[in-house]
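Taking it in order: structure first as structure tokens, then the write-up.
None of the figures in this text is laboratory data; all of them are computed from the coordinates on show. These numbers were taken from a predicted model, which means no experiment stands behind them. Neighbour counts are summed over all protein chains in view; Cβ atoms, including those assigned to glycine, are modelled from backbone coordinates with ideal geometry.
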Amino acid sequence: MARISYMEAARSALAEEMRRDRLVWAVGEDLGRGGVFGQYKGLVEEFGPERISDAPISEAAILGASVGAAMMGTRPVVEMRFSDFALCAVDELVNQAAKARFMFGGQTRVPMVVREPIGMWRSSAAQHSQSLESWYAHIPGLVVACPSTPADNKGLLKSAIRCDDPVVYMEHKNLWPLEGEVPDGEHLVPFGVARTVREGRDITIVSWSAQVHVCERAAETLAGQGIGVDLIDLRTLWPWDRAAVLASASRTGRLLIAHEAVQVGGFGAEIAATVAETLGVKVRRLGAPRAPIGYAPPVEDAVRITEAMTVAAVRDMLGR
Amino acid sequence: MPTDHDRSNIDIAHLRAQHRLMWRIRALEQAALRGLDDKVVLGAIHPSIGQEAVAAGVVGSLRADDILLSTHRGHGHTLAKGASSEAMLRELLGRVGGNCGGKGGSMHIADFRVGMLGANGVVGANIVIAAGAAHAIKLKGEDKVVCCIFGDGAINRGPFLEGLNWAAVFKLPVLFVCEDNGFAATTRTSSMTAGGGPAVRARAIGLPAEEVDGNDILAVEATARAMIAAVRAGEGPRFLHAKTYRLTGHTGVDTAPYRPADELAARRKEEPILRAADLLRAAGVPESEILADQSVAEAEMDAAYRAAFDAPFPGPEEAFRDVQDIGDPAEGAF
């Protein structure tokens, strides 16, 4: 076990996969100087500018070219900088990458990873802060991963690079410096297998990405009040671990889903509906208001799902 | 326009082959239109009737292992790249044995075995994908060429700028071909396009570009061959603007009332198959042989159409095949 950051975990995952398979390459703006957050630092020195490739500010070309390069047998890792910017390449991702295998009758695969950093990051305002994971969970053909820890960022990114289908890989910008234990050697995390963060018998909380850490703090507070939380980190939204969520919710009889993204049409709705339809247990969602994210700290914080809100929601559901 | 190819020394056997290919393309599309009338081609068909010289001249000049990306109006390109006519008609009828198993239809026809990476239902979307296919060829150190054909409407979309810039910056082996039929869907492209046109825009991005009479099979082929040779030699991307004319409407059911009848009548006299036949006649090829090219092509497509007509539909299980390796598409649904 080594203690490394969320960012370093991703960097080592990419480096390991590039050493293992010479058809893996990364492309995006500013990669040669280490990427906008430093998540590619040092890689161009090892792999050269053809495999750690700079790109023009040209999202449709970055993503679209990667679709072509993937269909021709290479495995591009595409850096979009911010999930907000990836909206300039939605046709390339949704109409092209996600559909090619199916609409061409299985003649081709599109093995590419689209890295789209998400989430609120102090005073980054409306166009650099969004969490758009539910958009892509809605699209047949895409895998959606939202790692919350260094270990998962390593293991899921490696799985994403080895996946033969397009993966929308959403790292949270606020988690880059987060440190944690990462297993030594080959560490792969499979898609569709949730992580049980902590066990408890009173209520199930499902979350993903940075919100998991908020829920973890809330669960700690609730434990001090005699309330046991079964906290599940979904890790991937498609496929999502229905079995783990259903098993936990059937044990506790209550389910809260908490996410940073807007609540309306969020992936929490899918989980809530599934559990309600299947088990009929009490469900509730905690998601952001349907408002753009503001610049000034009080405005930004007004749409954040906090530890206190999570604690209050749980207590209300339990009538305590 | 380049006229440096030598018309006094035409390779008649080759021109004859191109004449046959153009007739095969036209007969395939006539069979597809018949499928509309017979109510067995259920989706939209975008015919390229009148534009066959671009398919034959450009795609016919590619190597078998070269790569092609096409558009919603791509039947001719696909057939010229070597796809089977029967598989194509099965695809258009949505049947088993179609190039995509009946799951793509006309607008998503693809045949990866012959290097045809797909038509595309989104105008201009193939331009950036083609740049990426060429990027992979360069990364792998291969000497294949990518040919990307799009219409004149595509030059107003962002991927035109992004894809051409990408190909130029990375000096990629790709030939871009603007097959200019004068119409963007049902609107005259000239009325909605500023500036000097496709070649001017391409040159502004740094690509050597040429304009050619797209109904002159000899001119198209001579220009395409020279450009493909330059691209294969590692000189970077090239741009060909082929001016042609769409003799049909936008789709098989569009009667094109937005253009005057005399315009259509005049353009019919300049269509590429007639012009190729005139060259063959002038070179002494007997009329019976020229007519035979048409009847042989029509017989091939009649047989292919009958086979497609008789073929079964894919089963409903195909709805869930090739979505993705992990996750069950039906999970949580119904």
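So which residue, out of B:His14, B:His108, B:His75, gets the largest mean-square fluctuation from a GNM of chain B using Cα contacts under 10 Å as springs?
For chain B, modelled as a Gaussian network with Cα springs under 10 Å, the answer is B:His14.
Can you list the HN-Hα couplings for the stretch A:96-109, worked out from phi with the Karplus curve (6.51, -1.76, 1.60; θ = phi - 60°), rounded to whole Hz and with x for Gly and Pro?
9, 4, 6, 9, 4, 4, 5, 6, 8, x, x, 6, 9, 10
At a 10 angstrom cut-off on C-beta neighbours, averaged per residue, how do the peptides A:141-151, B:160-170, B:36-46 rank from highest to lowest?
Ranked by mean Cβ neighbours within 10 Å, highest first: A:141-151, B:160-170, B:36-46.
Over the alpha-carbon set of the stretch A:46-92, work out the extent along each principal axis and list the three values in angstrom, largest first.
30, 22, 15
Read phi for every residue in the stretch B:176-191 and hand back ³J(HN,Hα) as whole Hz from Karplus 6.51 cos²θ - 1.76 cosθ + 1.60, θ = phi - 60°, with x for Gly and Pro.
8, 10, 8, 8, 8, 9, x, 10, 9, 6, 10, 10, 5, 4, 4, 6
Tell me, Kirkwood radius of the stretch A:215-272 from alpha-carbon pair distances, in Å?
12.5
In peptide B:164-170, how many Cβ atoms from other protein chains are near each Cβ within 10 Å, on average?
Per residue, the number of nearby Cβ atoms from other chains is 4 on average.
Using the alpha-carbon atoms, what tilt in degrees (0 to 90, nearest 10) does helix A:307-318 show relative to the longest principal axis of chain A?
50
Please list log₁₀ I(q)/I(0) at q = 0.18, 0.21 Å⁻¹ for the stretch B:101-189, using the Debye equation with identical point scatterers on the alpha-carbon positions.
Values, matching the q order: -0.82, -1.04.
Given the convex hull over the Cα atoms of the stretch A:175-234, what projected area results after averaging over all orientations, in nm²?
Computing the convex hull of the Cα atoms and averaging its projections yields 5.0 nm².
I need to check one value: relative contact order of chain A, counting alpha carbon pairs closer than 8 Å and at least 6 residues apart, in percent. Please report the intermediate quantities before stating the final value.
Details: 712 pairs, mean separation 51.9, N = 320.
Relative contact order of chain A: 16 percent.
Over all Cα pairs of the stretch B:185-330, how is the pair count split among 10 Å bins, expressed in % and running from 0 up to the last occupied bin?
Spelled out bin by bin, the stretch B:185-330 gives 8, 19, 26, 25, 18, 3, 0 percent.
Taking B:Lys81 as the anchor, which lysines have their alpha carbon closer than 16 Å to its alpha carbon, excluding any fewer than eight residues away along the same chain?
Once the sequence-local lysines are set aside, what remains near B:Lys81 is B:Lys144.
Pairs A:Lys158/A:Lys282; B:Lys103/B:Lys171; A:Lys99/B:Lys39; B:Lys103/B:Lys269: which exceed 30 Å Cα-Cα? Present the calculation step by step, with values, prior to reporting the outcome.
Working: A:Lys158/A:Lys282 37 Å; B:Lys103/B:Lys171 35 Å; A:Lys99/B:Lys39 27 Å; B:Lys103/B:Lys269 38 Å.
Those over the limit are A:Lys158/A:Lys282; B:Lys103/B:Lys171; B:Lys103/B:Lys269.
Semi-axes of the equivalent ellipsoid for the stretch A:2-182, please: Cα gyration tensor eigenvalues, times 5, square-rooted, ordered largest first, whole Å.
Details: eigenvalues 104, 72, 49 Å².
Each semi-axis is the square root of five times an eigenvalue, giving 23, 19, 16 Å.
Can you compute the helix-only [θ] at 222 nm over the protein assembly as shown? Use -39500 (n - 2.57) per DSSP H run of at least 4 residues, normalise by all residues, nearest 500 deg cm²/dmol.
After summing the helix terms and dividing by the residues of the protein assembly as shown, the value is -11500 deg cm²/dmol.
When each pair of different Cα atoms in the stretch B:75-228 is counted once in the 1/r mean, what is the Kirkwood radius in angstroms, to one decimal?
After inverting the mean inverse Cα-Cα distance, the result is 16.5 Å.
For A:Val114, list long-range residues whose amide hydrogen, built 1.01 Å from N in the peptide plane, is under 5 Å from its own amide hydrogen.
A:Val78, A:Val167, A:Val168, A:Tyr169
Residues with amide H under 5 Å of A:Val24's amide H, sequence separation 5 or more or different chain, H placed in the peptide plane at 1.01 Å from N; which?
Excluding prolines and chain starts, which carry no amide H, the hits are A:Arg75.
Provide a whole-number value for the mean count of partner chain Cβ atoms within 10 Å of the Cβ atoms in peptide B:118-124. Show your work: numbers first, answer last.
Values: counts 9, 2, 4, 4, 4, 0, 3.
Going residue by residue through B:118-124 and averaging, the value is 4.
For the stretch A:241-320, report the translational diffusion coefficient in µm²/s to the nearest whole number, using Stokes-Einstein at 37 °C, 0.692 mPa s, and a Kirkwood Rh over Cα pairs.
The calculation lands on 242 µm²/s.
Once the Cα gyration tensor of chain A is diagonalised, what are the square roots of 5 times its eigenvalues, in whole Å and ordered largest first, as equivalent ellipsoid semi-axes?
On the way: eigenvalues 218, 82, 74 Å².
Semi-axes (√(5λ), whole Å): 33, 20, 19.
Run the reach check for A:Lys154 against lysines, Cα to Cα strictly under 20 Å, same-chain hits fewer than 8 apart removed. What comes back?
The qualifying lysines are A:Lys41, A:Lys173.
Cut-off is 10 Å between beta-carbons; in what order do A:Asp184, A:Asp165 appear when sorted fewest neighbours first?
Ranking A:Asp184, A:Asp165 by Cβ neighbours within 10 Å, fewest first, gives A:Asp184, A:Asp165.
What order do you get for A:Lys154, B:Lys140 when you list them from fewest to most C-beta neighbours inside 10 Å?
Fewest to most other Cβ atoms nearby, the residues stand as B:Lys140, A:Lys154.
Over all alpha-carbon pairs in the protein assembly as shown, figure out the percentage whose distance exceeds 34 Å.
49
How about the stretch B:245-289: which GluC sites (Glu not before Pro) there lie in a loop by DSSP and see at most 15 other Cβ atoms within 10 Å?
The qualifying sites are B:Glu270.
What is the dipole size for the stretch A:195-318, taken about its Cα centre, with +1 at each Lys and Arg Cβ and -1 at each Asp and Glu Cβ, in debye to the nearest 20?
260
Using Cα atoms only, what is the angle between the long axis of helix A:59-71 and the major principal axis of chain A, expressed in degrees (0 to 90) to the nearest 10?
70
Around A:Pro49, under 14 Å between beta carbons, what's the net of Lys plus Arg minus Asp minus Glu among the other residues?
-2
Which of the DSSP-defined H helices in chain B satisfy a minimum axial length of 27 Å, computed from C-alpha atoms, and a minimum mean Kyte-Doolittle hydropathy of -1.0?
B:12-37, B:287-310
Based on the alpha-carbon gyration tensor of the stretch B:18-307, what equivalent-ellipsoid semi-axes (square roots of 5 times the eigenvalues) come out, in whole Å, largest first?
Rounded to whole Å, the semi-axes are 28, 21, 20.
Kirkwood hydrodynamic radius, the stretch B:1-96, all distinct C-alpha pairs: what's the number in Å? All intermediate terms of the calculation are to be shown ahead of the outcome.
On the way: mean 1/r = 0.0690 Å⁻¹.
Across the stretch B:1-96, the inverse of the average 1/r is 14.5 Å.
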